[in-house]
Amino acid sequence: MDIKNNPSPITYRDSGVDIDAGNALIDAIKPHAKRTARKGRTADLGGFGGLFDLKNTGFNDPILVAATDGVGTKLEIAHNSGIHRGLGIDLVAMCANDLLAQGAMPLFFLDYFATGKLQIEVATEVVAGIADGCVEAGCTLIGGETAEMPGIYQAGQYDLAGFCVGAVERDQILTPDMVKQGDVAIALPSSGIHANGFSLIRNLIRREGLDYNSPSPFDRTMSLAMSILAPTRIYRDAVEAALLSGGVTGFSHITGGGLIENPPRCYSEDLCLRLSVKHRPLLPVFQWVKFSGNMTDAEFARTFNCGIGGIVFVKEDKADSVLRTIQETGEDAWLAGQIEKRTNDAVILEGMENSWR
């Protein structure tokens, strides 16, 4: 083989991948992973796989439940604003809240971080947010993957995916057949947009000619980016308390599809939810989105959580006691609707004229 035309040795770093930076990141994030320790965790980061001892968690006859998700185009706002930590919380929340919908408690979490060029400070900030979310969700960060992929992602950009596994006792799984006519819907408040609908948000920002680092049009005390990047709420404490109190028949995590498409995933096709939105005024961010975007009620409700991040379904005779139990966890929850026999739509929204105008 003639090597005269290739006098310089080629290296992985010259090709855009810095192994030393990856090792430095592992060292930087280990303290954050340790913050998430819980029963079942058996090893630190760095192995080929994450280990978890299910037997050590106290379950008797557990069924494992797994969920995976990302944070969508909310990433683009983080890239443009330099605000990264909240995305880690979003990543955990999107997965952990989905597990709650089947009655499962989150146990462990893994993340996937892909970037064009690894920036240790940025990646550490994201993983610190993931650890924040894991602490709130009661699960442990047992591993993950960092992929430096030059040519696939631009420098300064990254993508995220999360993977969460939880468990529920076999006889306590929440299934759609459990929700019955007459059951009451208890609403749990969202912190804002959470992590769905950001393609529309970004389109609105472009149309309005706004800058992410300028004062927010609905909260002049902070930048636009900061005002729309509020992390997704994690409902572990509220849902666990409700389940322990008895009478819970379902839980809906309000994500993509909003108030129209998510609740029906929790009950059978012969039922509908009559849901009132009059009990809480729209959050300022949603007022801005709806009115600046001139959105119809139907489009708004199908795109966003509209201020309701989760809905707990509970037997009617238990509604007041479960509500009090949830409120004792610190949630500003409220009675928001009831399950009825379906005659047409799967969700009937009421009260828009009072709070969405």
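The values are calculated or read from the model by the stated rules, or taken from the named source; none is laboratory data. In this text, all values refer to a predicted model and were calculated from it rather than measured experimentally. Every residue, glycine as well, gets a Cβ built from its backbone with ideal geometry; the counts of neighbours run over all protein chains shown.
For the range 328-346, which residues satisfy the criterion of being touching a strand residue (DSSP E or B) at 6+ places or on another chain (Cβ under 9 Å) and either within 24 Å of Ile234 (Cα to Cα) or of a type in the set (Ser, Thr, Tyr) (or both)?
Glu331, Asp332, Ala333, Trp334, Leu335, Ala336, Gly337, Gln338, Thr343
Please specify each residue of the range 148-175 satisfying the condition of being in contact with a Leu (Cβ under 9 Å, 6 or more places away or on another chain) and of a type in the set (A, V, I, L, M).
Leu160, Ala161, Val165, Ala167, Val168, Leu174
Residue check, Leu99 against (1) buried (at least 20 other Cβ atoms within 10 Å of the Cβ); (2) within 19 Å of Cys139 (Cα to Cα); (3) touching a Leu at 6+ places or on another chain (Cβ under 8 Å); (4) not small (Gly, Ala, Ser), all met but one. Which one?
(3)
Can you name the strands (runs of 3 or more DSSP E) wholly within the range 224-314 that have at least 1 residues being crowded, with 19+ Cβ neighbours inside 10 Å and in the same structural domain as Gly86 (by TED's automatic domain parsing)?
Of the strands (runs of 3 or more DSSP E) lying wholly inside the range 224-314, none has at least 1 residues that are crowded, with 19+ Cβ neighbours inside 10 Å and in the same structural domain as Gly86 (by TED's automatic domain parsing).
Mind checking whether some residue in the range 341-351 is crowded, with 17+ Cβ neighbours inside 10 Å and either without any contact (Cβ under 8 Å) to a residue 40 or more places away in the chain or among the polar types (S, T, N, Q) (or both)?
For the range 341-351, residues crowded, with 17+ Cβ neighbours inside 10 Å and either without any contact (Cβ under 8 Å) to a residue 40 or more places away in the chain or among the polar types (S, T, N, Q) (or both): absent.
Suppose we filter the range 261-292 for residues that are of a type in the set (Phe, Trp, Tyr), in contact with a Cys (Cβ under 8 Å, 6 or more places away or on another chain) and farther than 15 Å from Ser216 by Cβ; how many remain?
Counting residues in the range 261-292 that are of a type in the set (Phe, Trp, Tyr), in contact with a Cys (Cβ under 8 Å, 6 or more places away or on another chain) and farther than 15 Å from Ser216 by Cβ gives 0.
Looking at the range 56-76 only, could you name the residues that are closer than 16 Å to Ser191 by Cα and part of a helix (DSSP H, G or I)?
Lys74
Of all residues in the range 58-84, how many are crowded, with 21+ Cβ neighbours inside 10 Å and without any contact (Cβ under 8 Å) to a residue 60 or more places away in the chain?
1
Show the residue pairs meeting these rules: Cβ distance below 9 Å; 6+ apart or different chains; first residue within the range 244-269 and more than 16 Å from Ile308 (Cα to Cα); second residue assigned to a loop (DSSP other than H, G, I, E, B) and β-branched (Val, Ile, Thr).
Thr249/Val179; Tyr267/Val179; Ser268/Val179
Could you please let me know if Phe304 is more than 22 Å from Tyr235 (Cβ to Cβ) and among the hydrophobic types (A, V, I, L, M, F, W, C)?
Taking the combined requirement at face value, the residue does not satisfy it.
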